1. Residue by residue through the stretch 49-67, note down the ones that are part of a loop (DSSP other than H, G, I, E, B) and surrounded by 15 or more Cβ atoms within 10 Å (Cβ to Cβ).
2. Of these, GLU75, GLU55, which one is acidic (Asp, Glu) and over 27 Å from SER113 (Cβ atoms)?
3. Restricting to the stretch 79-120, what's the tally of residues that are out of contact with any Asp or Glu (no Cβ under 8 Å at 6 or more places or on another chain), among the polar types (S, T, N, Q) and either part of a loop (DSSP other than H, G, I, E, B) or modelled with pLDDT under 90 (or both)?
Amino acid sequence: MISPASQKTGMEFADLILIDDSCKGGPTHMMCDETNGNLQVVTDRERKIIKLMAEGYKNKEIADELRINEKTVEENRVNLMRKFNARSTASVIEHALGTGLISVYDVLESRFSKRNPKRN
């Protein structure tokens, strides 16, 4: 069954499943691609990148926040678009919100709780 968010955006993924955090790189999340039955893995870092994208951060700002190379951020963004069969960053964010990978509450709480917000 395709989730309501997937039906609305044309994306082909269903429910989010949290799996154990014993794998290298921290916790991972898996989603079932119902078009072919394959599982798509979203790493904890990719999840953090999506959350920062949803907060409006640019690649350079995400890189600075996560202390990684800006090129790594761009590669992760491209991988996420491929995994979600998305054509834009907005579609990645919409899919992540629709599947529960990130929540609006977490994005807003994080954005408004920073002592020195980068945006107004």
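1. Step one: filter the stretch 49-67 for residues part of a loop (DSSP other than H, G, I, E, B), giving 55-58, 67.
Within the stretch 49-67, GLU55, TYR57 meet the criteria.
2. Details: GLU55 fails: over 27 Å from SER113 (Cβ atoms).
The match here is GLU75.
3. Looking only at that region, the number is 5.
The values are calculated or read from the model by the stated rules, or taken from the named source; none is laboratory data. Computed from a prediction, not measured in an experiment: that's the story for all the values here. Reconstructed Cβ throughout: ideal geometry from the backbone, glycine too, with neighbour counts over all protein chains shown.
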